[in-house]
Amino acid sequence: MASLLFSTIDVTRQAFFRSSLSYAIVNLKPIVPGHVLVLPTRHVSRLADLSEPELSSLMRAVQQVGSVIERAYGADGLTVACQDGKAAGQTVPHVHFHILPRKSAGDKFSGRNNDQVYPALEQAEAGMAQPFKVDADEDRIGRSMDEMVKEATWLKGFFPEDGQ
């Protein structure tokens, strides 16, 4: 199987879902347990750069992966976010969607803190500019490759072998 690149970073071992035009990876520094990324296979910087089949595949992948993440992590909902372009906070120039499982209670962003997830996403995105350097956010310590591979392997079990 071909290697998967998130911009210039090899994320093949972190992948748990693949379709012909999209894939999903576990996150180095998740904001909440189950925080994952969904990306188009082809490296493009902006949503507008995707072809119609790529965009369709990407949105289908967001839907499929989101459904599994919600179930696997016992969530009540999802935060799905995309920073499209540098001005929007995107630091890795490869289109990607963040999927965060959310809980009505017990989620560090639940209740009055609900909207605090967005500044946390901005900080997470900024941390991706140097993906293997742990930033100053003490609550989000970078995980080892072994930890990410273990989670990716577990999540793969929720999908058919061909990713469709």
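Observations on the model:
- Filtered by the rule that a residue be in a strand (DSSP E or B) and touching a residue at least 40 places away in the same chain (Cβ under 8 Å), segment 80-95 gives a lone residue, 81.
- Restricted to segment 3-63, the set of strands (runs of 3 or more DSSP E) holding at least 3 residues that are within 16 Å of the chain's Cα centre (by Cα), surrounded by 15 or more Cβ atoms within 10 Å (Cβ to Cβ) and among the aliphatic types (A, V, I, L, M) comprises 22-26, 36-40.
- Per-region count, segment 49-90, residues aliphatic (A, V, I, L, M) and touching a Gly at 6+ places or on another chain (Cβ under 9 Å): 6
- Within the option set 79, 91, being within 25 Å of residue 116 (Cα to Cα) and crowded, with 18+ Cβ neighbours inside 10 Å holds for one residue only, 79.
- Test: residue in segment 96-112 that is surrounded by fewer than 15 Cβ atoms within 10 Å (Cβ to Cβ), in a helix (DSSP H, G or I) and modelled with pLDDT under 85: yes
- Matching residues, segment 65-98, being touching a helix residue (DSSP H, G or I) at 6+ places or on another chain (Cβ under 6 Å) and under 17 Å from residue 154 (Cα atoms): none
The values are calculated or read from the model by the stated rules, or taken from the named source; none is laboratory data. Nothing here was measured: the structure is a model prediction, and the numbers come from that model. We place every Cβ from the backbone using ideal geometry, glycine too, and count neighbours over all the protein chains shown.
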